[in-house]
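Presented below is the structure to which this report refers.
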Amino acid sequence: MDISLYPNPGKDRVNLQINDEKVRNFHYLVFDLQGKQIMNELIKGTFTTIKLEKGIYIVKIKTNNQWHTRKLIMY
């Protein structure tokens, strides 16, 4: 699965894009390093912008019933 989370590291916001013609929408979760869920969004389409404060995060993206995990750093 081609998933772009950029820029990483990011400043105030980052872009999350799914580059797969079979994907029509996706779900993502954002966790802080303590494991606390801080975002839970369902996106209709293949692109969104995420606004976060300074920190390190784990982003879990679900497409076609499959989960993908990315590390995200915000400065």
Fill in: the chain: relative contact order in percent, alpha carbon pairs under 8 Å with at least 6 residues between
34 percent
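Per residue, how large is the accessible surface of the chain? Use a 1.4 angstrom probe and give square angstrom.
Details: 4940 Å² over 75 residues.
With the other protein chains kept in place, the chain gives 66 Å² per residue.
Could you work out the local net charge near GLY55, counting Lys and Arg as +1, Asp and Glu as -1, over the other residues with Cβ closer than 15 Å to its Cβ? Present the calculation step by step, with values, prior to reporting the outcome.
Details: positive: LYS11, ARG13, LYS36, LYS51, LYS54, ARG70, LYS71; negative: ASP12, ASP32, GLU53.
Residues close to GLY55 contribute a combined charge of +4.
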Fill in: Residue-level accessible surface for LEU42, protein heavy atoms, 1.4 Å, Å²
120 Å²
Discussion item. Keeping all protein chains in the complex and leaving out DNA, RNA and ligands, what accessible area do you get for ASP2 with a 1.4 Å probe, in Å² to the nearest 10?
Written reply: 80 Å²
Worksheet entry | Among (i) 0.94; (ii) 1.02; (iii) 0.97, the entry derived from the coordinates for Rg/Rh (Cα atoms, Kirkwood Rh) | (i)
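Only four residue types carry charge here, +1 at the Cβ of Lys and Arg and -1 at the Cβ of Asp and Glu. Report the dipole size of the chain about the Cα centre in Debye, rounded to the nearest 20.
On the way: 12 positive and 7 negative charges, 21 e Å.
So the dipole magnitude of the chain works out to roughly 100 debye.
Just reorder ARG70, ARG13 by solvent-accessible area, largest first, 1.4 Å probe, all chains present. Before the final figure, lay out each step's value.
On the way: ARG70 75, ARG13 130 Å².
Largest accessible area first, the residues go ARG13, ARG70.
Given 0.36 nm per residue, what is the gain on full extension from GLN37 to THR69 after removing their alpha carbon distance, in nm? Walk me through the intermediate numbers first.
On the way: separation 32, 0.36 × 32 = 11.52 nm, distance 1.38 nm.
This chain segment gains 10.1 nm when fully extended.
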Item to complete: Quote to one decimal, in nm, the extra length available between GLU21 and LYS60 on full extension: 0.36 nm per residue of separation minus the C-alpha distance between them.
Response: 12.1 nm
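At a 1.4 Å probe radius, carbon and sulfur cover how many percent of the accessible area of the chain? Intermediate results must be reported in sequence, preceding the final value.
Values: 2200 of 4940 Å².
Whole-percent figure for carbon plus sulfur exposure: 45.
The values are calculated or read from the model by the stated rules, or taken from the named source; none is laboratory data. Source: prediction; values computed, not measured. Backbone-built Cβ (ideal geometry, glycine too); neighbour counts: all protein chains shown. Please note that ligands, DNA and RNA were not included when accessible areas were found on the heavy atoms of the full protein model with its side chains. Shrake-Rupley method; radii C 1.70, N 1.55, O 1.52, S 1.80 Å.
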